[in-house]
Each structure stands twice: as structure tokens, then as C-alpha cells.
Amino acid sequence: MMKLMPWNLYDVSAQQAWLEDQAAKGWFYVPSWPILYLVTFERGTPKTVRYRLEPAGQKEKCPDQERRDTYRLLGWEYVDTFGKSMHLWRCDDPEAPELHTDPETEAQAYDRLFRRQQKVTQFWAAVVALLAVLVVRTLLTEGTLFAWSVQEWKPLWREIAYGGFLLAVALAAFQQWWSLRRYLRLLRAGVSAPHRRPYRLVCWLSVAV
């Protein structure tokens, strides 16, 4: 079965909570290529499991065998890697220890992803700024695309759709950066970040995006 996953992969706690709640309903994630945030689940016996996301190393398509074996001894099985950026692990044993117990060390593993997302956010911020300038010129300047479209009876829905799409992508990039920043702020302070948090909002954002 295909399900629409929360679009913000870097909202770690929300993603983990959503996957765990799906398992509690009897739906278990299986490796798949997300298409428009749609991923594959298989039906099984409802049970309590834990899912944990872990940042992947640079050009790391999947964890090496040594790490898989080490984690397996702790009770964790490798499930999949999302977008070459996050590994997904699953544990069916409620007594098994957590993958990471040192917040500051865990935060260091996210540094590369955070820097990359920061650059993506800066790029889209520049795009939005350029879009704002074009909108102002369109509304205030004679002979603009707006005036031409009206004179030629051309519908404006395409221009509005293009602008809305760029704005939505920019907001999505910012929200991803902000979620990761909030998560890392706790880890860098030496405080363990919560493994679960409400995810209804990010699910609705999946629909919107």
C-alpha cells in the first residue's frame, strides 16, 4: 500500500513518530523510491516498534556491513536510506538500548547535512527575493507581463502557479532548515532530543507541497 509520508525528512522526531504509529496500526515501511512523498507499506500484525533516523555520511548510499553487524547486536536492523542523506533503523525489542546516547556526538554527525541545507535555504531565499522584485515591476510598470496578458486576453493562472510553486519550494527549504536547527540546538547543548513529536502539521504540508 502507498502512503503519503511527512515531506520534511529533517523533522526527525516527527518522522520517527509517524513511522512508529503506522507500525502500531499494522503498517510497516518497506524500502521504496518515494514518488511525490508516496512510500510503500506492507500489512502485518500491529505492534510497538522503534524507528530511528541517522544522518548518512558523504556519498554513503547505505551503512557498511560492520556498522550493520554492530547495530544488529544492539537489536537494530537497517531498513532503508532516504535520498542518500538519512539512514532508517528499526528495533522490535523495547528493552534494546538507543543507537545514540551522547547528544553532542550525535550533533556532529548532522553538521554536514545542516551546512548543505543552509546553502539550499540561502539559494531559495535569493529566488524569492528575485521573484518579489519581478512581482513589483509587474504591478507597477506599464507594458509589463501583467498588462500584456490582460490586453491579449491571456489567463494569468500559469504565472500565478509558477510563482506559487517557487514560493512553496522556498518555504519548504526554510522549514527543513529550521527543523534541523531546532533539533541540533538541543543536541549541541548536551540534551537528548525527543524521539517523538506531533506530526499532523508536516503531514498536511505534504499534501500542500
Here the residues within the stretch 55-64 that are modelled with pLDDT under 90 and part of a strand (DSSP E or B) are none
Pairing a residue in the stretch 189-209 that is on the phi < 0 side of the Ramachandran plot and hydroxyl-bearing (Ser, Thr, Tyr) with any residue that is open to solvent by less than 80 Å² (accessible area, probe 1.4 Å) and in a loop (DSSP other than H, G, I, E, B), where Cβ atoms lie under 6 Å and the two sit 6 or more apart in sequence or on different chains, gives Tyr199/Pro6; Ser206/Pro6; Ser206/Trp7; Ser206/Tyr37
Only one of Arg72, Arg52, Arg67 is within 27 Å of Gly190 (Cα to Cα), outside any loop (DSSP other than H, G, I, E, B) and open to solvent by less than 40 Å² (accessible area, probe 1.4 Å), namely Arg52
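When the residues of the stretch 86-112 are filtered to those that are polar (S, T, N, Q) and more than 20 Å from the chain's Cα centre (by Cα), which remaining residue is least open to solvent (accessible area, probe 1.4 Å)? Outline the logic, then answer.
To start, the set of residues in the stretch 86-112 that are polar (S, T, N, Q) comprises 101, 105, 108.
Within this subset, residues satisfying the condition of being more than 20 Å from the chain's Cα centre (by Cα) are 101, 105.
Values: Thr101: 115, Thr105: 78 Å².
Per the criteria, the residue is Thr105.
Any residue that is in a loop (DSSP other than H, G, I, E, B), within 14 Å of the chain's Cα centre (by Cα), surrounded by fewer than 18 Cβ atoms within 10 Å (Cβ to Cβ) and not charged (D, E, K, R) - is there at least one of those in the stretch 25-32?
Looking only at the stretch 25-32, we keep the residues that are in a loop (DSSP other than H, G, I, E, B), and these are 25-26, 30-32.
Now narrow it down to the ones that are within 14 Å of the chain's Cα centre (by Cα): none.
No, the stretch 25-32 contains no residue that is in a loop (DSSP other than H, G, I, E, B), within 14 Å of the chain's Cα centre (by Cα), surrounded by fewer than 18 Cβ atoms within 10 Å (Cβ to Cβ) and not charged (D, E, K, R).
Please find, within the stretch 1-24, the residue that is surrounded by the fewest Cβ atoms within 10 Å (Cβ to Cβ) out of those that are touching a helix residue (DSSP H, G or I) at 6+ places or on another chain (Cβ under 6 Å) and not in a helix (DSSP H, G or I).
The first filter runs over the stretch 1-24 and keeps only residues touching a helix residue (DSSP H, G or I) at 6+ places or on another chain (Cβ under 6 Å), leaving 4, 6-8, 10-12, 14.
Next, only the ones that are not in a helix (DSSP H, G or I) stay: 4, 6-8, 10-11.
Working: Leu4: 13, Pro6: 20, Trp7: 21, Asn8: 23, Tyr10: 24, Asp11: 25.
In this case the residue turns out to be Leu4.
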Asp111 fails exactly one of (1) touching a Leu at 6+ places or on another chain (Cβ under 9 Å); (2) touching a residue at least 12 places away in the same chain (Cβ under 8 Å), namely (2)
Note on the stretch 75-101: residues part of a strand (DSSP E or B) and charged (D, E, K, R) are Glu77, Asp80, Arg90
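Please determine whether any residue of the stretch 162-181 is in contact with an Asp or Glu (Cβ under 6 Å, 6 or more places away or on another chain), surrounded by 14 or more Cβ atoms within 10 Å (Cβ to Cβ), within 20 Å of Ser13 (Cα to Cα) and hydrophobic (A, V, I, L, M, F, W, C).
From the stretch 162-181, those in contact with an Asp or Glu (Cβ under 6 Å, 6 or more places away or on another chain) are 179; that's our starting set.
If we keep only those that are surrounded by 14 or more Cβ atoms within 10 Å (Cβ to Cβ) as well, we get 179.
Within this subset, residues satisfying the condition of being within 20 Å of Ser13 (Cα to Cα) are 179.
Subsequent filtering for residues that are hydrophobic (A, V, I, L, M, F, W, C) retains none.
Within the stretch 162-181 (the criterion being in contact with an Asp or Glu (Cβ under 6 Å, 6 or more places away or on another chain), surrounded by 14 or more Cβ atoms within 10 Å (Cβ to Cβ), within 20 Å of Ser13 (Cα to Cα) and hydrophobic (A, V, I, L, M, F, W, C)), the answer is no, since none of the residues qualifies.
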Picking from Gly57, Gly83, Gly44, the residue that is in contact (Cβ under 8 Å) with a residue 60 or more places away in the chain and either surrounded by fewer than 17 Cβ atoms within 10 Å (Cβ to Cβ) or over 25 Å from Met1 (Cα atoms) (or both) would be Gly83
Among the residues of the stretch 158-209, the number that are within 21 Å of Asp111 (Cβ to Cβ), of a type in the set (A, V, I, L, M) and outside any loop (DSSP other than H, G, I, E, B) is 5
Restricting attention to the stretch 1-24, the residues that are at pLDDT 95 or above and more than 14 Å from the chain's Cα centre (by Cα) number exactly 5
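The values are calculated or read from the model by the stated rules, or taken from the named source; none is laboratory data. Not measured: the values here are computed from a predicted model. Don't worry about glycine lacking a Cβ; one is built from the backbone with ideal geometry, like all the others, and counts go over all protein chains shown. Surface areas here come from the heavy atoms of the whole protein model, side chains and all, with no ligands, DNA or RNA. Shrake-Rupley method; radii C 1.70, N 1.55, O 1.52, S 1.80 Å.
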